[in-house]
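The values are calculated or read from the model by the stated rules, or taken from the named source; none is laboratory data. Predicted model only: the values in this text are computed from it and were never measured. Here the Cβ positions follow ideal geometry from the backbone for every residue, glycine too, while neighbour counts run over all protein chains shown.
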């Protein structure tokens, strides 16, 4: 069997294992998270709609529309998203079967990226980052093809359009180095690449730009409001924050109270080493291949070390461009923010891991070296898989609190099935305010979330470990029993 065929089957097996692991580690019954409720509430079955702030895009609502337009089943939505995320994993790494001289590296790269706990956790989630990552890695893999056929250019265009539709900032950071490469590097110079990159960026960003003028008064106004919502984007160093969230939580804002657990940060520790080994193996491999042609795991593959080095170098440079804004501008951290970076680094990491495997097989103490490498991989999985499961359990408990609060509110007449019809939706009969989780609690209750400057009088206050304002101190007070996190109290307007 040809090496590419074997590698393709291996990639399919990796994608199947990814889907299976995500279903085992993260239950399909996991309630929708905060961001997911915002995206899902764009559709009538999930009414009332929650506020859609300036940083958000219409990419995720587009992904979930085939299910969310007619059903509010969380299980059905998560099954659909698992199928989508698995397909995206396959399409993202498939171009690398031909973009590297060693086809098996594509499957190894998909396994390394897909085995990270936060990638497994978000496999069934209505969140944009995995699709941004797959659009990015797929576009770069096709961009590297020597012959840019119409189908290849269409793939580059589609990958960049998907990445930009999901996260416009990531799309711009991804497209910039590709444009520079298409204009300045002789091996990639050509108008077909330039037009594919520019076209993908424009088409992906167009809905966000149009909405900026329709809802926010222009691009500058939307960018300013988006910066305020995200805590005022400014020059800073948040690299340590991203280290602290490598074992969770899903989002730390602020991150000052979180610590770094060395065991959970093992991927960050080995990642630079494996990238360096991967680049070194294809950089130094040119002389080796010329001097002593030898059979490798992909023995019939044509060795292309110089091409592989340029390919990996561009992918690494693109990965850094996508990561830098999060490391230098955003004052909070979440593991999913760097999903595109991990995906783009994965091909170089895979080549580094395969090079270490070759060295182990060629060493005098072959069994010892092979066993050491196997134990290292086993240790990596023993860290990542439990993290996916434990974070799923934490989220199940935390999100369950929103439903428990909603039950107490319903028991006291808040969130009744009443309200004036507004198109296909019902206008929410109640307004909630509070000091935490107002949006997801309002979503679970069937109310509209209020804000401090909201002129509407709140129907109830939802507070945790806090006293009500002076104007609500006489409102009836009701504790929420059996919560995952203690201290929930609701105050219902008499």
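For region 55-80, how many residues are closer than 22 Å to residue 206 by Cβ and within 20 Å of the chain's Cα centre (by Cα)?
Counting residues in region 55-80 that are closer than 22 Å to residue 206 by Cβ and within 20 Å of the chain's Cα centre (by Cα) gives 11.
Surrounded by fewer than 16 Cβ atoms within 10 Å (Cβ to Cβ), under 18 Å from the mean Cα position of the chain (by Cα) and either in the same structural domain as residue 139 (by TED's automatic domain parsing) or touching a residue at least 12 places away in the same chain (Cβ under 8 Å) (or both), is that true of residue 83?
Taking the combined requirement at face value, the residue satisfies it.
Out of region 47-70, which residues are surrounded by 15 or more Cβ atoms within 10 Å (Cβ to Cβ) and either in the same structural domain as residue 444 (by TED's automatic domain parsing) or free of Cβ contacts under 8 Å to residues at least 40 places away in the same chain (or both)?
Selection gives 52, 56, 61, 67, 68.
Give me a count of the residues in region 261-278 that are more than 20 Å from the chain's Cα centre (by Cα) and in a loop (DSSP other than H, G, I, E, B).
Residues meeting the conditions: 3.
Determine which single condition residue 41 fails, assuming it passes every other condition in (1) modelled with pLDDT of 95 or more; (2) within 22 Å of residue 437 (Cβ to Cβ); (3) buried (at least 23 other Cβ atoms within 10 Å of the Cβ).
(1)
Checking the condition surrounded by 22 or more Cβ atoms within 10 Å (Cβ to Cβ) and either in a helix (DSSP H, G or I) or at pLDDT below 95 (or both), which residue from 378, 351 passes?
Answer to the selection: 351.
Within region 456-465, identify whether any single residue is surrounded by fewer than 19 Cβ atoms within 10 Å (Cβ to Cβ), at pLDDT 90 or above and out of contact with any strand residue (DSSP E or B) (no Cβ under 8 Å at 6 or more places or on another chain), and answer yes or no.
Yes: one or more hits.
Taking into account only those residues within region 384-434 that are surrounded by fewer than 14 Cβ atoms within 10 Å (Cβ to Cβ) and within 23 Å of residue 453 (Cβ to Cβ), which is modelled with the highest pLDDT?
Of everything passing the filter in region 384-434, 427 is modelled with the highest pLDDT.
Out of 135, 190, I need the residue that is farther than 30 Å from residue 392 by Cβ and in contact (Cβ under 8 Å) with a residue 24 or more places away in the chain. Which one?
Going through 135, 190 in turn, just one is farther than 30 Å from residue 392 by Cβ and in contact (Cβ under 8 Å) with a residue 24 or more places away in the chain: 190.
If I ask for residues that are touching a residue at least 60 places away in the same chain (Cβ under 8 Å) and out of contact with any helix residue (DSSP H, G or I) (no Cβ under 7 Å at 6 or more places or on another chain), which ones from region 333-375 would you list?
Once the filter is applied, which keeps residues that are touching a residue at least 60 places away in the same chain (Cβ under 8 Å) and out of contact with any helix residue (DSSP H, G or I) (no Cβ under 7 Å at 6 or more places or on another chain), region 333-375 yields 334, 358.
Can you confirm whether residue 244 is modelled with pLDDT under 90 and either more than 19 Å from residue 338 (Cα to Cα) or not assigned by TED's automatic domain parsing to the domain that holds residue 329 (or both)?
When the stated conditions are applied, residue 244 does not pass them.
Select from region 9-25 the residues that are over 19 Å from the mean Cα position of the chain (by Cα) and crowded, with 19+ Cβ neighbours inside 10 Å and list them in ascending order.
Within region 9-25, 11 is the sole residue that qualifies.
Somewhere in region 26-33, is a residue surrounded by fewer than 18 Cβ atoms within 10 Å (Cβ to Cβ) and in a helix (DSSP H, G or I)?
no
Any residue in region 467-479 that's touching a residue at least 24 places away in the same chain (Cβ under 8 Å): show its pairings with residues that are part of a loop (DSSP other than H, G, I, E, B) at Cβ separation under 8 Å, as long as the two are six or more apart or on different chains.
Pairs that qualify, where the first residue is touching a residue at least 24 places away in the same chain (Cβ under 8 Å) and the partner is part of a loop (DSSP other than H, G, I, E, B), are 476/412; 476/494; 478/412.
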